[in-house]
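S.K.: Quick one: this structure, given as structure tokens, is what I'll be asking you about.
The values are calculated or read from the model by the stated rules, or taken from the named source; none is laboratory data. Remember, predicted model here, so these are calculated numbers, not experimental data. Quick reminder, even Gly has a Cβ in these numbers, built from the backbone with ideal geometry, and neighbours come from all protein chains shown.
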Amino acid sequence: MNCHRARTLVSPYVDGEIGALRRYSIDRHLRGCATCAAEHHDLLALRARLRAEATYFKAPPELRTRVLALLADAHAATPVRPSRQRDRWRWVTGGALAGCAATVLAWVVGSAAVDWRANQDLAAEAVAIHTRAVLSEHLIEVASSDQHTVKPWLSARLDYSPPVRDMTNEGFALIGGRLDTLDKQRTATLVYRYRQHTIDVFVRPESARAPSGLRIVRGFTVARASGSGMNWLAVSDVSPDVLTAFVQRLARADLSQ
Ligand SMILES: [Zn+2]
């Protein structure tokens, strides 16, 4: 085997895509040729780096369900015709359908990964804002336990009017509010005290791509709810069940003032 041939085969060789006989020839060539051996070595190093540094997404479980449903649909849509003429046609349409299914699949996987990523990023961003606010002197811009003070203060500085509710009776005392930028949007933040804990509640007009569910980011709980035309995102170091119940109570329309 010469260098030219070896160089075209070194990449599939690294990927384990060639047969035993060729593998043997390349092995022998690499042992005797420093140039090709260096190329082989570089490829191995690149692969190791990619494995160590590339970003991986853990696919959400609902993705599996969606993919299986799509595959079932594509399978059901494949026509079953007996004649030979039709058989050939079936191969063609089958191939086209498989192509469609692959495209849809790629799109579903891609958009699910993007959604999932956005979801993670929003939770991480909210936690970063919360910790920064708690650690700095910037926790509260309007200090008041009176919802009729906090609400107009926020409304005057935003293009929406967030519902503000005092929940002292349930152990969550409103202590004030501030403005934050969350997901590039000016956002109302309500600040509550629960025992020794500070809770930030980010309130924004409801949007179609609002993420939902509970997340734990760096030990902080991020709980979400939708209601009263708003998305509610609460961040704190209180336990997940307490925070979830709280944010759901806030979002519930029957409390609106
Ligand atoms: Zn060589």
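S.K.: Can you report the number of residues in region 197-248 which are in contact (Cβ under 8 Å) with a residue 60 or more places away in the chain and either part of a strand (DSSP E or B) or among the charged types (D, E, K, R) (or both)?
M.R.: Number satisfying all stated conditions: 13.
S.K.: Of the residues Tyr160, Tyr192, which is under 17 Å from Trp232 (Cβ atoms), touching a residue at least 24 places away in the same chain (Cβ under 8 Å) and loosely packed, with under 15 Cβ neighbours inside 10 Å?
M.R.: It is Tyr160.
S.K.: Here is a follow-up. List, please: which pairs have Cβ atoms under 8 Å, are six or more places apart or on different chains, and start with a residue in region 1-18 that is without any contact (Cβ under 8 Å) to a residue 24 or more places away in the chain and end with one that is in a helix (DSSP H, G or I) and within 15 Å of the ligand (Cβ to nearest atom)?
M.R.: Taking only residues 6 or more apart or on different chains, the pairs are Leu9/Arg22; Leu9/Ile26; Ile18/Leu9; Ile18/Ile26.
S.K.: Please tell me if Lys151 is within 19 Å of Ala123 (Cα to Cα) and either touching a helix residue (DSSP H, G or I) at 6+ places or on another chain (Cβ under 9 Å) or not hydrophobic (A, V, I, L, M, F, W, C) (or both).
M.R.: Considered against the rule, which asks whether it is within 19 Å of Ala123 (Cα to Cα) and either touching a helix residue (DSSP H, G or I) at 6+ places or on another chain (Cβ under 9 Å) or not hydrophobic (A, V, I, L, M, F, W, C) (or both), Lys151 comes out as no.
S.K.: Considering only residues that are over 16 Å from Thr8 (Cβ atoms), near the ligand (Cβ under 10 Å from one of its atoms) and not in a helix (DSSP H, G or I), which ones fall in region 22-54?
M.R.: none
S.K.: Out of the residues in region 129-147 that are free of Cβ contacts under 8 Å to residues at least 12 places away in the same chain and of a type outside the set (A, V, I, L, M), which is surrounded by the fewest Cβ atoms within 10 Å (Cβ to Cβ)?
M.R.: Glu137
S.K.: On to the next question. Hey, Arg218 hits all of (1) surrounded by 20 or more Cβ atoms within 10 Å (Cβ to Cβ); (2) closer than 16 Å to Ile129 by Cα but one; which does it fall short on?
M.R.: So the condition that Arg218 fails would be (1).
S.K.: When residues of region 165-190 are filtered for being more than 15 Å from Pro152 (Cα to Cα) and within 27 Å of the chain's Cα centre (by Cα), how many remain?
M.R.: 7
S.K.: Any residue at all in region 59-76 that is within 15 Å of the ligand (Cβ to nearest atom) and either in a helix (DSSP H, G or I) or in contact with a Lys or Arg (Cβ under 7 Å, 6 or more places away or on another chain) (or both)?
M.R.: no
S.K.: When you look at Val10, is it within 16 Å of the ligand (Cβ to nearest atom) and at pLDDT 75 or above, yes or no?
M.R.: Yes: the conditions hold for Val10.
S.K.: Output the number of residues of region 35-72 satisfying the condition of being among the acidic types (Asp, Glu) and modelled with pLDDT under 75.
M.R.: 1
S.K.: Within region 92-106, can one find any residue that is under 43 Å from the mean Cα position of the chain (by Cα), at pLDDT 65 or above and assigned to a loop (DSSP other than H, G, I, E, B)?
M.R.: No, because not a single residue in region 92-106 is under 43 Å from the mean Cα position of the chain (by Cα), at pLDDT 65 or above and assigned to a loop (DSSP other than H, G, I, E, B).
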